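For reference, the structure discussed in these notes is given below.
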Amino acid sequence: MIKLKDILEESIIGDKIKCDNCGWSWKIIDGGNDLYMCHKCGHNNTPKLTEKDQIVQTEDPKKIKKLRIIFANDTKIEKALSGLFIRLGLVTKTFTSIADAIDYVLELRKAGVSNLQELVIGSHGTKTGTKLVGSAAKDQTVGRDFEYEDGSKKWHNYDEALLIACRDLISPSTNVFFTACYGADQLNILVHAANILGTTVYGAAGVSAPGLNRILNKFSKKIFKCKPADEGLSNDVYLEKQICSNTNSPIRWLRVKA
């Protein structure tokens, strides 16, 4: 289970919030809309963002610099955490369906979003490391006709369609990072994503959690980057040919001070 103490200071205890003023604590899932408002003494415990220069959310989509799409399971705790991540500015938007995420990205594309500094796609992976994108709706195995700007159409699975939809939002200098659990255990999957996007991509091996500084720091030695190349090779070959390499994450998450 994701623990907010990994991104917030000591006012967060596991899945609870502790009031800085009176010491009373309550569960995150019971916080309602005013998650950080103490219902006992009325003190506002909302964390303050310490980095204002990162534009993850804005009323003008064209000003978005860092797009962070996160998929959450349809559970009470994950819904609460997803809402919290959005309110804190850690992510741009959360989804339970890949199809909905694709529609959102296409709307951004129509609004003129381009040349992102950062693209992060966070979702639940698989223990075998064969999926970078997964959702509560489990629609990553479903296909659709994806329409290109020139009017042509081609059939893609939803996981590929999301990446293809993102292509016009990024440039070769965009940092692309996948937080799917075990996403970099099979480097061929990262290479596949790199080929679709046409640029180098990063992913975490082992368990990952989107939006958490401490998690990314903890697994910094398990983060790999891969560039476009032939697919179907073994991890050892990708590393030997330096198509993929062990590296640090290029993603700098917003730091939050309680």
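The values are calculated or read from the model by the stated rules, or taken from the named source; none is laboratory data. This structure is a prediction, so every number in the text was calculated from the model and none was measured. Every residue, glycine among them, receives a Cβ derived from its backbone with ideal geometry; neighbour counts consider all protein chains shown. Remember, those area values only see protein heavy atoms, side chains included, never the ligands or the DNA or RNA. Shrake-Rupley method; radii C 1.70, N 1.55, O 1.52, S 1.80 Å.
These residues, 87, 167, go from largest to smallest accessible area, 1.4 Å probe, as 87, 167. Taking a point 7 Å out from the Cα of residue 27 in the direction of its Cβ, the residues of segment 71-86 whose backbone N falls within less than 11 Å of it are 76-77. 3J(HN,Hα) couplings calculated from phi for segment 228-237 with the Karplus curve 6.51 cos²θ - 1.76 cosθ + 1.60 (θ = phi - 60°) are, in sequence order, x, 6, 4, 9, x, 8, 7, 4, 4, 5 Hz; Gly and Pro show x. For the residue pairs 65/93; 93/153; 93/222; 127/225; 16/222, alpha carbon separations beyond 24 Å are given by 93/153; 93/222; 16/222. Modelled this way, with points 7 Å down the Cα-to-C-beta line, the labels at residue 167 and residue 130 are 2.5 nm from one another.
Among the chymotrypsin sites (Phe, Trp or Tyr not before Pro) in segment 129-196, those located in a DSSP loop and surrounded by at most 12 other Cβ atoms within 10 Å of their own Cβ are 148. Taking other residues whose beta carbon is less than 13 angstrom from the beta carbon of residue 159, and scoring Lys, Arg as +1 and Asp, Glu as -1, yields +1. The string of couplings for segment 137-144 from the Karplus curve (6.51, -1.76, 1.60, θ = phi - 60°) is 6, 6, 9, 6, 8, 8, x, 7 Hz, one whole number per residue in order, with x for Gly and Pro. As an exercise, use a Förster radius of 22 Å and the Cβ-Cβ distance of residue 157 and residue 230 to find the FRET efficiency, rounded to the nearest 0.05. The formula returns an efficiency of 0.60 here.
A Förster distance of 51 Å, applied to the separation of the beta-carbon atoms of residue 59 and residue 247, puts the FRET efficiency at 0.90. Gain on full extension, evaluated as 0.36 nm per residue between residue 111 and residue 237 minus their Cα-Cα distance, stands at 41.2 nm.
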